[in-house]
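Have a look at the structure below before the remarks.
The values are calculated or read from the model by the stated rules, or taken from the named source; none is laboratory data. If you're wondering where the values come from, they're calculated on a predicted model, not measured in any experiment. Ideal geometry is used to build each Cβ from the backbone, glycine not excepted, and the neighbour counts take in all protein chains shown. Note: areas computed on protein heavy atoms with side chains; ligands, DNA, RNA excluded. Shrake-Rupley method; radii C 1.70, N 1.55, O 1.52, S 1.80 Å.
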Amino acid sequence: MRHFPSATAIALVLASAGWAAPAAAQDAPTTPAADDGTLGEIIVTAQRREENLQDIPVSVDVVSGAKLDAINSGGGDIRALAGRVPSLNIESSFGRTFPRFYIRGLGNTDFDLNASQPVSLVYDDVVLENPILKGFPIFDIDRVEVLRGPQGTLFGRNTPAGIVKFDSVRPDRDGGYIKGSYGRFDSINIEGAAGGHLSDTVSARLSAMYQRRSDWVDNLATPDKNDLEGYEDVAIRGQLQFEPSDAFKLRLTGQYRNFDGTARVFRANIFRPGSNDLIFYPGVQNPGQTPAAPVDFDRNVVRTDGINYQKLELYNAAATMDYDLGPVTLTSVTAYWNGNYDSRGDIDGGFGAAFLPGSGPGIIPFPAQSQDQVPSLDQFSQEIRIASNGGAIDYQAGLFYFDEDIDIGSINYDNPTDTTPSVIALQRQESRAWGVFGSVTVPITEQFKLTAGARYNNDKRDMVVNRTGFFGAIGTGSASVDDENLTWDLSARYEASDSVNVYARVAKGYRAPSIQGRALFVFTTVQDAISTADSETIMSYEAGIKTEFNRRVRFNLSGFVYDLKNAQLTAVGGASNAARLINVDNVHGYGFEAELDARPIDNMTLTAGVSYNNAKIDDPNAFITGCGGGCTVTDPVRPGSPGIYSIDGNQLPQAPKWSLNWTAGYGVPVGDGEVYVFTDWAYRSKVNFFLYESAEFNDDHMLEGGLRIGYKTDRYDIAAFARNITNDVSAVGAIDFNNLTGFVNEPRIWGIEAGYKF
C-alpha cells in the first residue's frame, strides 16, 4: 500500500490559514441567497465587466456557494463539475491531470499532450491552452462561470464551443478560512486562505490546498493488498496587490502545483463482447485456453502488470494592472506558465499476453506499456485592453499575444517492466498567435440594446518529430500550419419588463489549425509521422429568455443551432493505436438549456438544470478505421474496404443528448446557526467513446449524487458528506486497439469536514 508524505504540505496549508487579516466574515460578492432569504444577485464577468447574470445576452451558468462546496467535498477535482452545468461534460484518460472539456457536444477526445480543444479554460483572465494546465485545482475560488457557444471576440482563439472561466478570491477581500476533511480510502482534503488589507494601499492573500488518497485498487497480480489510484496533490497561490491611488491597481500572482500519484487505471476486457455490460474475468489462462466465465464487475480489483506512476509540476507568475484614465480603464494581463509532466501506465489493461502462461483478465493479445512526457512546457501570454467607464455607449478594445513552446516524449516498451524503451518519439512544438479585438454596446432605446464585436486572429504552429527504435527511419518529419481568421458576434437584448429579458445572438467562432506527431501505423505499415488538421469555423445562432420573479424564482432558457464547418476531429485508437487528426465537412448541432433557481421559503434553496444536445457528423465521405480489440462496430462498412467505416450521422463522442442536474438545500435555525442538509445530483444519457459506433464502447447513462449534512454558524461549519452516494458504476472512457479496455467513474466517497472562517 502506498502512503504519501504529508507533513510538509499540511504545514504549508496551516501556515497560510494562520496568516490572518483582521477577523471578519468572508462575504463573497456572489452569494446564493440575500440576507432577507430571497435569491441573491449573481455577478459575472462573462463580458469582461462585472454584470448581473440576468442582463447579459449570453448563455452563462455559474457554480458557486453551496454547490461548489459540495462538489469539492472529499477532494473532488475539476472533473466533478461535469454535468453540474447544462451542456458541460468533462472526462480524462489521465485522471486528475489532463481534463478534456465538452460544451454543447463539442470537444476533443485526443489523448496526446499537445491536443487542441474547442473549449477554452480561462483562469483569472489568462487562457490555459495545454491540457496539463487545465486541471489546476479548484480552491479559494469565488465562482466558476461556464459560457456556452462561441466566445471568439473577447476571449479569442480556440473557443468555438465555449469557455470555462475561474475567478479566484481577490487579495483585497478581508478574512479567510481553513477547512479539512477525512474520508474513505484515507482521503484527506485540507485547504485554507487568508488575506486582506495590510495597509491603505497594499493587500495580500495566500491560499493553499493539500489532497491525498491512499491506493485503494487491489492489483491481483501482486502480493500487496492495495496498489493503485493513490495520489498526493499540493497547490499554492499567493497574491499581492498595490493600490497607490484610486486610479491605479497592480496585482501580482504566483501559483504552484505538485502532483504525485498513479496513472489512470485501465481495465482489460471490461466490456462483455456484443454489449456494454461491465464484467470482470476472475482467473488467468494459458495459451490456447478459454477464459473463465466472467463475473460481475468489481471496481476495487484489477489484474495488471508493468510500472505505473504520474508526476506533474506547474509554476505560474502573472501581473494584472488596471489604470483608470478617466473615460477608459487600461488593463494589462501578463502571465507565464511553466510545467513538466511524466505519466507511465499499462495500456493493455491486463497481465501478461495470450502467448504467455497466466495472463488475464480475459484475452490480452499482446502487452502494451507506454510513457508520455512533457520535459518542458513554456506558455507566455499578454493582453492589453481598454474599456469605457460609463457613458451611453459601452466599448472595449484590445490586443492579445500568445507564445507556447512544448517538448513531448512518447515512449513505448516491449515488456511491462522494461526501463529501456523500444520506440521513442520526441516532438518539439512551437505555437504563436496574436489578435486584435473590439466590442461595443449601443442602447437603441431604454429597453433595447445591441452589442457587436469582432476579432482578427493570426495563428502559426510548427512541429518537428524525431523517432528512434523500430520505426525511427520512417517516423521522422516536420510540419507547419498557419491561418488567419475574422471572428465576430452580434447580439440584441430587450428588457420586456423588470423581471423579463429576452435576447438573441449570432456568432462566428474559430479553432486554429492543429498538428499531431503520433506515428500512424497499421500492424507493420507506417503511414506517416505527423497528421494535421485545417482550422474549423462555426456559425452559431441562439435565442433565450431570462426571468426573475419576486426575487424568489429565477428561470433562464436558451435554444441554439450551429454549423461547424471543416470540423477538427481526432480518430483515437483503432487497430493502429493512433491519435490521427482529421477534418469532416460539417457537424450540425441544435438543442437547448434551461436553469431554475428558487427560494420557495426562506430556509430552502432549489436549483435544476436540463440540456438537450444533438451534435451529429454530416459528411458522407467521412470514413475511419474501426477498433483493433474485438469490438462490434455497428456503422456501415465502406464498400470494398473491410475494417473502414462510415461515421456520417454519428453523434459526437462524449456528447450525451440529455443531461440533468438538481440540488436542494434546507436549514433549520439552531442556536447561533443552523442545521442544514444539501444534496446535489447529475444525470447524463448515453455517451459513445469514439467516432465510430459499436456495441461495446459506450455507456447507457450515469447518475451521481452527493449529500452533505451539517451545522454551521457565521464562522463554523461541521458536516458529514458523501459523493456518488448510490455508488453508480459507469464506464467513462475506453481504449480500443488491443482488447475491450475501459475505465470507470470515481467510487463512492464519504467522510467528515470541519471549517472555520475568520
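Structural remarks
- Any hit, segment 443-458, residues being surrounded by 15 or more Cβ atoms within 10 Å (Cβ to Cβ), closer than 21 Å to Tyr309 by Cα and of a type in the set (Val, Ile, Thr): no
- Residues of segment 405-416 classified as touching a residue at least 40 places away in the same chain (Cβ under 8 Å), over 30 Å from Val333 (Cβ atoms) and crowded, with 17+ Cβ neighbours inside 10 Å, total: 5
- Filter result (more than 29 Å from Asn501 (Cβ to Cβ), touching a strand residue (DSSP E or B) at 6+ places or on another chain (Cβ under 7 Å) and of a type in the set (S, T, N, Q)) within segment 538-594: Asn566, Gln568, Thr570, Ser576, Asn583, Asn586
- Gly180 being on the phi > 0 side of the Ramachandran plot and in a strand (DSSP E or B): no
- The set of residues in segment 590-616 being part of a strand (DSSP E or B) and of a type in the set (S, T, N, Q) consists of Thr605, Thr607, Ser611, Asn613, Asn614.
- Candidates Ser388, Ser381, filtered to the one that is touching a strand residue (DSSP E or B) at 6+ places or on another chain (Cβ under 7 Å) and under 21 Å from Gly135 (Cα atoms): Ser381
- Pair list, Cβ under 6 Å, 6 or more apart: segment 428-445 residue part of a strand (DSSP E or B), other residue basic (Lys, Arg) and open to solvent by 60 Å² or more (accessible area, probe 1.4 Å): Arg432/Lys460; Thr441/Lys449; Pro443/Lys449
- Among residues of segment 459-479, those that are open to solvent by 60 Å² or more (accessible area, probe 1.4 Å) and modelled with pLDDT under 95, counted: 8
- Residues in segment 153-186 that are small (Gly, Ala, Ser) and either open to solvent by 30 Å² or more (accessible area, probe 1.4 Å) or under 26 Å from Ile43 (Cβ atoms) (or both): 6 in all.
- Checked across segment 286-294, the condition of being buried (at least 16 other Cβ atoms within 10 Å of the Cβ) and over 21 Å from Gly95 (Cβ atoms) holds for at least one residue.
- Some residue of segment 742-749 being over 26 Å from the mean Cα position of the chain (by Cα) and assigned to a strand (DSSP E or B): no
- On the stretch given as segment 568-603, residues that are under 20 Å from Asn556 (Cβ atoms) and open to solvent by 50 Å² or more (accessible area, probe 1.4 Å) total 4.
- Residue in segment 507-544 that is modelled with the lowest pLDDT, counting only those that are of a type in the set (Ser, Thr, Tyr) and open to solvent by 50 Å² or more (accessible area, probe 1.4 Å): Thr524
- Residue-level check: of (1) assigned to a strand (DSSP E or B); (2) open to solvent by 50 Å² or more (accessible area, probe 1.4 Å); (3) farther than 21 Å from Thr334 by Cα; (4) not small (Gly, Ala, Ser), Phe259 misses just (2).
- Restricted to strands (runs of 3 or more DSSP E) entirely inside segment 1-106, no element has at least 1 residues that are small (Gly, Ala, Ser), open to solvent by less than 20 Å² (accessible area, probe 1.4 Å) and at pLDDT below 90.
- Index of the failed condition, Leu220 passing every other in (1) surrounded by fewer than 22 Cβ atoms within 10 Å (Cβ to Cβ); (2) modelled with pLDDT of 95 or more: (2)
Matching residues to (1) more than 30 Å from Arg455 (Cβ to Cβ); (2) touching a residue at least 12 places away in the same chain (Cβ under 8 Å); (3) among the hydroxyl-bearing types (Ser, Thr, Tyr):
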position	(1), (2), (3)
Tyr341	yes, yes, yes
Gly345	yes, yes, no
Gly350	yes, yes, no
Phe355	yes, yes, no
Gly358	yes, yes, no
Ile363	yes, yes, no
Pro375	yes, yes, no
Asp378	no, yes, no
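- Residues being assigned to a strand (DSSP E or B) and open to solvent by 30 Å² or more (accessible area, probe 1.4 Å) - total across segment 374-404: 13
- Residue in segment 630-644 that is at pLDDT 95 or above, out of contact with any helix residue (DSSP H, G or I) (no Cβ under 9 Å at 6 or more places or on another chain) and open to solvent by less than 10 Å² (accessible area, probe 1.4 Å) present: no
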